[in-house]
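Heads up: the structure comes next, in C-alpha cells.
FYI, it's all coordinate maths here, none of it is from the lab. Everything quoted here is computed from the prediction, not taken from an experiment. Every residue, glycine as well, gets a Cβ built from its backbone with ideal geometry; the counts of neighbours run over all protein chains shown.
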Amino acid sequence: MEKQALLYEGKAKRVYLTNDENIVWIEYKDSATAFNGEKKAEIAGKGRLNNEITSLLFSKLHEVGVSSHFIKKVSETEQLVKRVEIIPLEVIVRNYAAGSFSKRLGVEEGKKFHRPLVEFCLKNDDLGDPLVTDDQIDILQIAGSEEVEYLKTKALEVNQVLTGFFQEIGVRLVDFKLEFGKDAEGNILLADEVSPDTCRLWDLETNQKLDKDVFRRDLGSLTTAYETILGRLGGEKACT
Ligand code: C5P
C-alpha cells in the first residue's frame, strides 16, 4: 500500500489517499485541542498513544463482531482505514453525568444514569457542535429516522462492548463520542477513533481521570494518563 497525497487535515489527524481508492492512510498528530480549538498544545507521544489505543479497541470490537472502518495499524502513528464519507454527526453515549451534560442540566458529575443516554451533535466547528434532535437531523437531511435509529442501536452496542472491556481493566466508561461514515456502497460504518481523546475514562476505584479532561482541566500529564490506559489494555510501551 502506497501513501499518496494529503486529502484532509483535521485537529488531531491527517488523512492521505492511497493507491487503492477505497482505502485511506491516517496519521495521528501530537496536537491536543479542547473547547472547539480555543485551547491548543503539542504533546509529544500523543499521536502514538491514540493510534495504539484506537487500533487495539477497533481490533477488540472486530473480534466480537462490531465492524468499523479500521483495517490495520501500519506504524506507531499510522493506520489504514476504509474510505468513508463521514456523516456530520457526533454520536455521544453517556453512562454517567459529566462534561456538557452536567453543565447544561445542573447534574453532579459522576451520577450514574439508570440507562445509557444517546445524544447527537452537529459536527460544525463554526456553530460549536450544537445538540440536534432526531427531527432536526431529518429536516437538515443529514439522516432519515431509520438511519438515526441504526446509529443509536450501533452506538449502544459499542457502549455495551466497550463498557465490558474497560471494566476488565479497572476503568469506568463515563461517556464517549463516535462518528460514522458511509462507504462507496452506502454501508454505514463506525469510523474516526475511540481513544482517551474521545472517551471519559475514570479509574474504577479512585475515579482518577485518565482521558482528555486531564488536558482540558490542567490535571497533570496527559501522556501519563493515556499510557495508563494503553498499558492496562495490554499495549506496547514507547521505544526509548
Ligand atoms: O463535552 P461533552 O460532555 O459533551 O463530551 C461527551 C463525550 O464526547 C466526552 O467523552 C468527550 O471527550 C467526547 N467528545 C469528543 N469530541 C467532541 C465533543 C465531545 O470526543 N467534539
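Segment 94-164 and segment 187-223 have Cα centres lying 17 Å from one another.
Label sites at Lys123 and Thr206, each approximated as a point 7 angstrom past Cα along Cα to Cβ, lie 3.5 nm apart.
Please report the net charge: other residues with Cβ closer than 11 Å to the Cβ of Glu76, K and R +1, D and E -1. Value of the local net charge: -2.
Summarising the label geometry, the points placed 7 Å from Cα in the beta-carbon direction at Ala184 and Ser102 lie 4.6 nm from one another.
As a footprinting exposure proxy, order His62, His114 by other Cβ within 10 Å, with the fewest listed first.
Result, fewest neighbours first: His114, His62.
Dipole orientation for segment 182-240: of the candidates Thr206, Leu189, Gly234, Thr206 has the Cα lying most toward the positive pole (charges on Cβ; Lys, Arg +1; Asp, Glu -1).
Each peptide in 221-229, 125-133, 192-200 gets a packing score, the mean of other Cβ atoms within 10 Å over its residues, and the list from highest to lowest is 192-200, 221-229, 125-133. Compute the orientation-averaged projected area for the chain from the convex hull of its Cα atoms and round it to one decimal in nm². About 13.4 nm², averaged over all directions.
First obtain the Kirkwood hydrodynamic radius of segment 85-186 from its Cα pairs, then insert it into the Stokes-Einstein equation at 37 °C and 0.692 mPa s, and state the resulting D in µm² per second as a whole number.
On the way: Rh = 14.6 Å.
After rounding, the answer is 224 µm²/s.
State whether segment 3-82 is rounded, prolate or oblate according to the following rule on the C-alpha gyration tensor (a ≥ b ≥ c being the square roots of its eigenvalues): a/c under 1.5 gives rounded; otherwise a/b larger than b/c gives prolate, and the remaining case gives oblate. It comes out oblate by the Cα gyration axes.
Once a ≥ b ≥ c are taken as the square roots of the eigenvalues of the Cα gyration tensor of segment 144-222, is the result rounded (a/c under 1.5), prolate (a/b larger than b/c) or oblate (a/b not larger than b/c)? Cα axes put segment 144-222 in the prolate bin. Using a cut-off of 13 Å between beta-carbons, work out the net charge of the residues near Glu168 (Lys and Arg +1, Asp and Glu -1, Glu168 not included). Around Glu168, the surrounding residues sum to +3.
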